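The values are calculated or read from the model by the stated rules, or taken from the named source; none is laboratory data. None of the values given here were measured: they were computed from a predicted structure. Cβ: placed from backbone, ideal geometry, glycine included. Neighbour counts: every protein chain shown. Only protein heavy atoms, including side chains, enter the accessible area calculation; ligands, DNA and RNA are left aside. Shrake-Rupley method; radii C 1.70, N 1.55, O 1.52, S 1.80 Å.
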Amino acid sequence: MYEAKILNSEARSFYIKGEYGKALPLFNRSLALSERNLGTYHPDVATNLNDLGDVYRVQGEYNEAESLFKRALVIREKALGPDHPAVGENLNSLGLLYKTQAKYEVAEPFYKRALAIVETSLGSSHPHVSVSLNNLVNLYSTQRKYAEAEPVYKRVLGIARKNMGAEHPYVATCLNSLARVYFVQHKYDQALPLLEQALKIREDAYGSKHPAVGGSLSSIAVLYSLQGKYEETESLVRRARAIKGKTSPKKLIRVQ
């Protein structure tokens, strides 16, 4: 088993670097050793299958990836039970696979089941819950289902505040994500206070000259411009440019 783990570790290293051609044969060798030494229904075999499926997914070989992910799911459900967190990992893998193929209606129940598992096993406010929530909310945002996305973004924000504190920079990122939902629906009055909160958090955390602060200034400038507040817009654009360097106004159009 030691050899299989070494091979898997080497394969992961190549995978992370994007060297999939080198990762693939190592993952296959690790899988073969695990199956021979542990049997085809051992949880470690499921891990090998999931890793191999990731390689095929990122290379666009979706049928191969789907087959491997489903085999891994069956093994984990049988060996660990249907509500084990490792089963949730497999469900997320399948959800991402289908989302990548724009099979959104197929992906959603996998993401929802993964979320339910992690909430049951870890509690509704555990940081890992945010991972499943983000998977689900990204699916909704891709489909422009903003009504469904909004409460999910609010949950992610609430979990971040509880676990990291209200002034943590990640909270600013969550505020921006929620603001973006309002922004694309032209609900500017609801987006603006969130962006202003994010700006303050970033200024306090990073200082007034940090690029993240420039991103917040640019986002608020966009909203001011849309509301006809042109003097305020110009002031913020100047501040953002001073941080970012020469930035075309055409680039200051996305809530960041």
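Details
- In terms of its C-alpha gyration tensor, the range 60-198 has an oblate overall shape, because the principal axis ratio a/c (a ≥ b ≥ c, square roots of the eigenvalues) is not below 1.5 and a/b does not outweigh b/c.
- Pairwise centroid distance, computed over Cα atoms, of the range 13-49 with the range 115-193, Å: 34
- Cα extents for the range 196-243 along the principal axes, largest to smallest and rounded to whole angstrom: 30, 21, 11.
- Highest mean packing comes first when the peptides 18-29, 189-200 are listed by Cβ atoms within 10 Å, giving 189-200, 18-29.
- Helix 127-142 axis, angle to the chain major axis (alpha carbon atoms, nearest 10°): 70
- Accessible surface, the range 89-179, averaged per residue in Å² (probe 1.4 Å): 45
- Placing unit charges on the Cβ atoms of the charged side chains and taking the dipole of the range 94-208 about its Cα centre, the candidate lying farthest along the positive direction among Gly165, Leu194, Val129 is Val129.
- Across the chain, the relative contact order, built from alpha-carbon pairs under 8 Å that are at least six residues apart, equals 9 percent.
- With respect to the chain, whose longest principal axis is taken over its alpha-carbon atoms, helix 211-226 is tilted by about 60°.
- Cα gyration tensor shape of the range 1-123, rounded if a/c is under 1.5, else prolate or oblate by comparing a/b with b/c: oblate
- With R₀ fixed at 30 Å, the C-beta to C-beta distance from Tyr230 to Tyr206 puts the FRET efficiency at about 0.60.
- A cut-off under 9 angstrom between Cβ atoms defines the neighbours of Ser30, and their net charge, with Lys, Arg +1 and Asp, Glu -1, is -1.
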